[in-house]
Amino acid sequence: MTVSPSPAQAAPDLIARFTDLLGPVGVLVDATDTASFCTDWRDLYHGRALAVLRPANTAELAAIVRLCNEHDVPMVPQGGNTSMVGGATPDGSGREVVICLTRMNRVRAIDPADLTMEVEAGVTLKAAQDAAREAGFMLPLSISSEGSAQMGGVLATNAGGNNTLRYGNARELTLGVEAVMPDGSVFHGLRRLRKDNTGYALRQLLIGSEGTLGIITTAIIQLHPQPRAIEAALCAVDDADAALKLLGLLRARDPALVQAFEFMSGTGMDLVTSLIAGTTVPLGERAPAYVLVELATPRPDADLREYTEEVLGEALEEGIITDAVIAESEGQRAGLWKLREEHAEAQRRAGASVKNDVSVPVTHVPELIRRATAACAALIPGIRPAPFGHMGDGNIHFNLVQPEGMDPAAFLARSHDIMDTVAGIVKDLDGSFSAEHGVGQLKPYMMPAWRGGAELAAMRHIKAALDPKDLMNPGKVLPPAQPGA
Ligand code: MLT
Ligand code: ZN
């Protein structure tokens, strides 16, 4: 029997050089140590890595990137490894190194006058939120994976999440970044300026580039005042049209109060309550759909509770919602959010599922849900559509769970049919095939149809200019160029 050498055995000199630069603690080569870095959260991709490199600071990162560039070693930056599109998973060649920023995990400073936070890439989003809260402020980015997702990945993917409708995506919240570019040079853009029109906005190019143009090491994030009052309510609705009316009512009354507006289907909620321990829907009857509304204000004198009761009372009277419960305590509020945040995990436990992280103009959300539900049911009888997500900003996770009893592999084999069916409807409604999860290695094939022509050409030119050897997260975002294209 022949035993093929591990990737690291094939390149001992290189591993020794990495170890010189980072010390033994910064270089993982054993397959048992690297395994978890080579598979994604969804278990869709299984790669191999030459090594996992864990620099402790920007200088170390720059040094290993220079070395990789010199030796044509492809690099895969990885944060909390929570990508939904395989964006941080190496390929199967064993030539790529995974660069993991976990050791760069300091919240360096919080400036209460500027309302900014300087944070390193390896800090989890949750830890950054906690640090902001302890200082009396709020970092309003919130996503289901915030306990694991790290700031570097959050920025590299321009994460959005639950509060985008009020505070924007990661991009809108970031004033400056420092990054190591593909050749190992350092882009010193750690600025705290609200106005800075000095040429191309490189930070905006790096944010959302999914690690294909450089590796963000540190960022200046804008903070907001900590809300003094928050009210969370779970509302039962008949369908997404009713949910849209509720959003309209809340916005007509006071758009500035709406901090989250999350849609959930009855099917998705059933999966959560049956598969996730400690979850129940605190409403009388099962509803076809639900909305989790969160209102918040930094004003001490707002009497938000009274306002919430009044506006939801009006929605009930008008028949927009059929039932509602307002959280009475922080514990109850957390319980309502658990019903929402566990949607992805419940779907994972329910068997194979196909995700469609799509966005459409908010007014088209009901039509998207209606048409995509019917089209997918016609495609695979028994399929379980469980759309949910950030309806307030038009981003729906139109996820579909396999029919009960179907072979998971047979269901996954239809992934592209399902994705293309949903995408066709999304396109018709002027939407996007990737709202907040990015393109990764799951969706580059969709780029020519959606971003072709001048847009894709410009992206290719930018990539070639900044990373001429295609060493930064190759195979992600951009599809392989067609000969002659
Ligand atoms: C979420 O909002 O919970 C996620 O983006 C997860 C998903 O799409 O499954
Ligand atoms: Zn989401």
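For the chain, DSSP calls about 85 percent of its internal beta bridges antiparallel. Annotation: Cα Rg of segment 399-441 relative to the compact-globule expectation 2.2 N^0.38 Å equals 1.34. Pairwise inverse Cα distances across segment 70-136, averaged and inverted, put the Kirkwood hydrodynamic radius at 14.0 Å. Legend: translational diffusion of segment 7-100 by Stokes-Einstein, Rh = Kirkwood radius over C-alpha pairs, 4 °C, 1.567 mPa s; D = 99 µm²/s. Using the 1.4 Å probe convention, the accessible area of the chain works out to 42 Å² per residue with neighbouring protein chains retained. Each other residue within a Cβ distance under 11 Å of Pro444 adds +1 if Lys or Arg and -1 if Asp or Glu, for a net charge of +2. A cut-off of 5 Å between modelled amide H atoms, ignoring neighbours fewer than 5 places along the same chain, links Ala289 with Val237, Gly266. Ranked by the mean number of other Cβ atoms within 10 Å of their residues, highest first, the peptides 271-279, 257-265, 39-47 come out as 257-265, 39-47, 271-279. Which distance in nm do the two modelled labels at Glu328 and Asp114 give, with both placed 7 Å along the Cα-to-Cβ direction? Result for the modelled spin labels: 4.6 nm.
Computed over segment 351-428, the percent of Cα pairs more than 21 Å apart is 21. Cross-link pairs exceeding 22 Å in C-alpha to C-alpha distance, out of Lys355/Lys427; Lys427/Lys469; Lys443/Lys463; Lys195/Lys469, comprise Lys427/Lys469; Lys195/Lys469. In this structure the amide hydrogen of Ile230, modeled in the peptide plane, comes within under 5 Å of no amide hydrogen from residues 5 or more places off or on another chain. What length, rounded to one decimal in nm, is gained on full extension from Arg253 through to Asp417, with 0.36 nm per residue of separation minus their alpha-carbon distance? Fully extending the segment from Arg253 to Asp417 adds 54.8 nm. Our analysis of the chain gives Rg over Rh at 0.98, with the two radii drawn from alpha carbon positions and Rh computed by the Kirkwood formula.
The order of the peptides 445-456, 394-405, 423-434, 153-164 by mean Cβ neighbours within 10 Å, most packed first, is 153-164, 394-405, 423-434, 445-456. With the convex hull drawn over the C-alpha atoms of segment 336-380, the volume per residue is 105 Å³. Evaluating 6.51 cos²θ - 1.76 cosθ + 1.60 at θ = phi - 60° for every residue in segment 428-444, the Karplus couplings come out as 4, 9, 6, x, 10, 7, 9, 8, 10, 8, x, 9, x, 9, 7, 10, x Hz, glycine and proline recorded as x.
When all alpha-carbon pairs of segment 443-485 are counted, what percent fall beyond 18 Å?
20 percent
Relative to one another, the C-alpha centroids of segment 123-162 and segment 373-409 are positioned 28 Å apart.
Apolar share of the accessible surface for the chain: 53 percent from carbon plus sulfur atoms, 1.4 Å probe.
The ellipsoid equivalent to the alpha-carbon distribution of segment 246-373 has semi-axes of 26, 19, 14 angstrom, derived from the gyration tensor eigenvalues as √(5λ) and listed largest first.
Shown in residue order for segment 89-99 are the 3J(HN,Hα) couplings computed by the Karplus curve 6.51 cos²θ - 1.76 cosθ + 1.60 at θ = phi - 60°: 9, x, 7, x, 6, x, 8, 8, 9, 8, 10 Hz (x for Gly and Pro). In this simple spin-label model, placing a label point 7 Å from the Cα along the Cα-to-Cβ direction at both Ala378 and Ala410 gives a separation of 2.3 nm. Extension gain, Gln204 to Thr273: 0.36 nm times the residue separation minus the Cα-Cα distance gives 20.9 nm.
Look at where the Cα atoms of segment 177-203 and of segment 223-267 average out, and the two centres are 36 Å apart.
The values are calculated or read from the model by the stated rules, or taken from the named source; none is laboratory data. It should be emphasised that the depicted structure is a prediction, and the values quoted were computed from it without experimental measurement. FYI the Cβ positions are ideal-geometry reconstructions off the backbone, even for glycines, and counts take in every protein chain you see. For accessibility, only protein heavy atoms count, side chains too; no ligands or nucleic acids. Shrake-Rupley method; radii C 1.70, N 1.55, O 1.52, S 1.80 Å.
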